[in-house]
């Protein structure tokens, strides 16, 4: 399906996108690049500015009105690239450290073939989404009447995964990626000289106690059959070497696969924070937000995903994932509206991890990734 010439073009597209990373909703140059390519393919129905900088392109073949959507994310991260490749990021402090340049290129390749060759009967919407890393882009597009303006009945997506052999395919029915909740706890008291801690209500020792107590929530309050993680990732204070702090700030995130567990953890964190504050004569400010929801694959569509993948990746490279990942993806927001299936394609055993300055998308998986999306479209919209 993807010939050598198109495969070569896709690599050049990916390298061009890699050089111009953009963060969040500010994917203006990326969107312009995508629209230019879609126009080159002869796709005329292209809607831009959806949920800020999102794009939806549509192609129709045959007489059926059945519609599906294929989605790719297109935003980058605020990371300084340390690769020495010829197509290294040209924008200081920004890089494609999660492979969205590859995801976008893969969807463009699928769009080119499906526009040129057809081979399906129905409507395909190609969704290019901003601000996945924020967890805001999918919902922004939905809030911009995505489902009413583009009435697809199912949606498909994928992500590259370092550590999985290149060109291997995995997915699973039900939960496949976790929710992410963010928290911030501010302890306020009265700082003072380090030689006289009894004269005030310093916050650093209580903050350390609070951090340790938070770890008991998973081990003592959450049912062991549930999966959840509390990670304190930052502790700051206004103290110095010889001055006890009057303010300490604790922040981090929580991962889970069950809304009830998320709510339970939030309640327990609030209780422990208030108790520590009371014990040490401190005021407590507690903030907790649900940034990502769990990504739950539709069982029927995921079975079909695996069947389709067998024909592209082969029996020895297509597997059901043993367990869900505790990473998060806002593709889940689309699944609140229609069923869908999300999958992983291996980026290679030697690949640097996602969100690191030495990460790079593996060009060798562009072809099978695009062929998978093409096969999904043709399988779900049979000619």
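The values are calculated or read from the model by the stated rules, or taken from the named source; none is laboratory data. Just so it is clear, the structure is predicted and the values come from calculations on it, not from any experiment. So basically every Cβ, Gly included, is an ideal-geometry build from the backbone, and we count neighbours across all protein chains shown.
Structure notes:
- Per the listing 187, 164, the residue uniquely touching a strand residue (DSSP E or B) at 6+ places or on another chain (Cβ under 6 Å), surrounded by 20 or more Cβ atoms within 10 Å (Cβ to Cβ) and either part of a loop (DSSP other than H, G, I, E, B) or modelled with pLDDT under 95 (or both) is 164.
- Meets criteria (under 23 Å from the mean Cα position of the chain (by Cα) and in the same structural domain as residue 371 (by TED's automatic domain parsing)) for residue 320: yes
- Each residue in the range 16-29 was checked for being under 20 Å from residue 144 (Cα atoms) and either assigned to a helix (DSSP H, G or I) or free of Cβ contacts under 8 Å to residues at least 12 places away in the same chain (or both), and 1 of them qualify.
- Residue in the range 74-93 that is under 19 Å from residue 125 (Cβ atoms) and assigned by TED's automatic domain parsing to the domain that holds residue 22 present: yes
- Candidates 347, 358 - the one that is in contact with a helix residue (DSSP H, G or I) (Cβ under 8 Å, 6 or more places away or on another chain) and touching a residue at least 40 places away in the same chain (Cβ under 8 Å): 347
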